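What follows is a set of notes on a single structure, which appears directly below.
The values are calculated or read from the model by the stated rules, or taken from the named source; none is laboratory data. On a predicted model such as this, the values are computed, not experimentally measured, just so you know. Backbone-built Cβ (ideal geometry, glycine too); neighbour counts: all protein chains shown.
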Amino acid sequence: MLEARDLVKRFASKRSFFRAPDSFVHAVDGVSFALQARESLGLVGESGSGKTTIGRCIVRMEKPDAGSIVFDTTDIAGLDSKSLLPFRRRMQYVFQDPYSALNPRMKVSTIVGEALAAHTHMRKAEIMERVEGVLLSVGLDASAFSRYPHEFSGGQRQRIAIARALILDPELLVLDEPVSALDVSIQAQILNLLSDIRATRALACIIISHDLAVIREVSDRTAVLYLGRIVEYGSTESVFANARHPYTQSLIDAIPDLDSAMRGTPQGEPPSNIRPPTGCGFHPRCPRMQKGVCDRERPVLSGSDAHLAACHAQG
């Protein structure tokens, strides 16, 4: 369904009206992956790893500086807004903060039905019927129609945001930290809802999260990101059972466990995306760092097709 190849996205760091940028933030630096129909891919990593930028590039809220995004045989990376219009309804995005993503001046019926009004010629009565159906499918009843976003809890607002994304029956859903702003009990409800949606709809998902526990719950495959690059990529089961990159292992060790204390977390702070380290970007924090190799040579993803890692000292 989807193949991203060598995606690059940079943002100007310092600039003014009269002069060019002094430097660039290397948000995404040569990322490649593929996604099958009805498959879910988890993008995981610390803040600044490029997860959200990749998601925004995939749905073309951001235009990549280089690389291709082939969606159903068409490279959409360089398309203009008019050419992108047919693809907009096939790819939908769920934002991290449901409150800021919903217009506070609109009723829920208008928020959820707005996309249908923009992309179809359906009559208002038909739109309202579809809105009612999709609200029911995410666990909200018709009483939500005439209410405003501030009248709902955080979990209910996230259900509204998901309903808005589903109203067009998309083929691809990108969810940016869909449960990070919610209480733990509400997180479980939303994750169960996502599982139900995937089971009942022919829908592929990209789930963006810093929480490996969430990724393990909802993803078929996992891509671990560091400084805008994929450092490990494979089936979720394989990545968790046999992490090959020390960064992945440190993230897994940092998952809270009721039976034992956290075994470890990545040491130090991530380097700057403006001036990333030479060689392997993780080498300043890596317990396996080999001087003269890791600090000079950038590793490439290698291994079996089912499980790849970019590490000179794969475990």
Can you tell which of S180, S195, S209 is more than 17 Å from Y93 (Cβ to Cβ) and either surrounded by fewer than 17 Cβ atoms within 10 Å (Cβ to Cβ) or of a type in the set (S, T, N, Q) (or both)?
S195
Filter region 129-153 down to the residues that are aliphatic (A, V, I, L, M) and farther than 11 Å from K107 by Cβ, then identify the one that is nearest to the chain's Cα centre (by Cα).
V138
Suppose we filter T248, T236, T222, T200 for residues that are surrounded by fewer than 19 Cβ atoms within 10 Å (Cβ to Cβ), among the β-branched types (V, I, T) and out of contact with any Pro (no Cβ under 9 Å at 6 or more places or on another chain); which single one remains?
T200
Are any of the residues in region 50-68 modelled with pLDDT of 95 or more, of a type in the set (S, T, N, Q) and under 13 Å from E3 (Cβ atoms)?
yes
Could you go through region 294-313 and let me know if any residue there is within 22 Å of V25 (Cβ to Cβ), in contact with a strand residue (DSSP E or B) (Cβ under 9 Å, 6 or more places away or on another chain), modelled with pLDDT of 90 or more and among the aliphatic types (A, V, I, L, M).
yes
Exactly one condition in (1) in a loop (DSSP other than H, G, I, E, B); (2) at pLDDT below 90; (3) closer than 26 Å to Q36 by Cα is false for A243; which is it?
(2)
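For region 75-98, which positions are of a type in the set (F, W, Y) and in contact (Cβ under 8 Å) with a residue 60 or more places away in the chain?
Hits for region 75-98 are Y93, F95.
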For region 57-100, how many residues are in contact with a strand residue (DSSP E or B) (Cβ under 8 Å, 6 or more places away or on another chain) and outside any loop (DSSP other than H, G, I, E, B)?
14
Can you tell me which residues in region 80-106 are farther than 22 Å from Q36 by Cα and surrounded by 14 or more Cβ atoms within 10 Å (Cβ to Cβ)?
F95, Q96, D97, P98, Y99, A101, L102, M106
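May I ask you to list the residues in region 160-186 that are assigned to a helix (DSSP H, G or I) and either within 22 Å of L212 (Cα to Cα) or among the hydrophobic types (A, V, I, L, M, F, W, C) (or both)?
First, pick out the residues of region 160-186 that are assigned to a helix (DSSP H, G or I): 160-166, 184-186.
Residues satisfying the conditions are I160, A161, I162, A163, A165, L166, V184, S185, I186.
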Taking interchain pairs and intrachain pairs at least six residues apart, which have beta carbon atoms under 6 angstrom, with the first residue in region 29-58 and touching a residue at least 60 places away in the same chain (Cβ under 8 Å) and the second hydroxyl-bearing (S, T, Y) and part of a strand (DSSP E or B)?
G42/T222; V44/S209; G45/Y226; S49/Y226
Could you list, in sequence order, all residues of region 224-253 that are among the hydrophobic types (A, V, I, L, M, F, W, C) and touching a residue at least 40 places away in the same chain (Cβ under 8 Å)?
V224, L225, L227, I230, V231, V239, A243, L251, I252
Looking only at region 10-49, and only at residues there that are part of a loop (DSSP other than H, G, I, E, B) and among the hydroxyl-bearing types (S, T, Y), the one that is modelled with the lowest pLDDT
S16
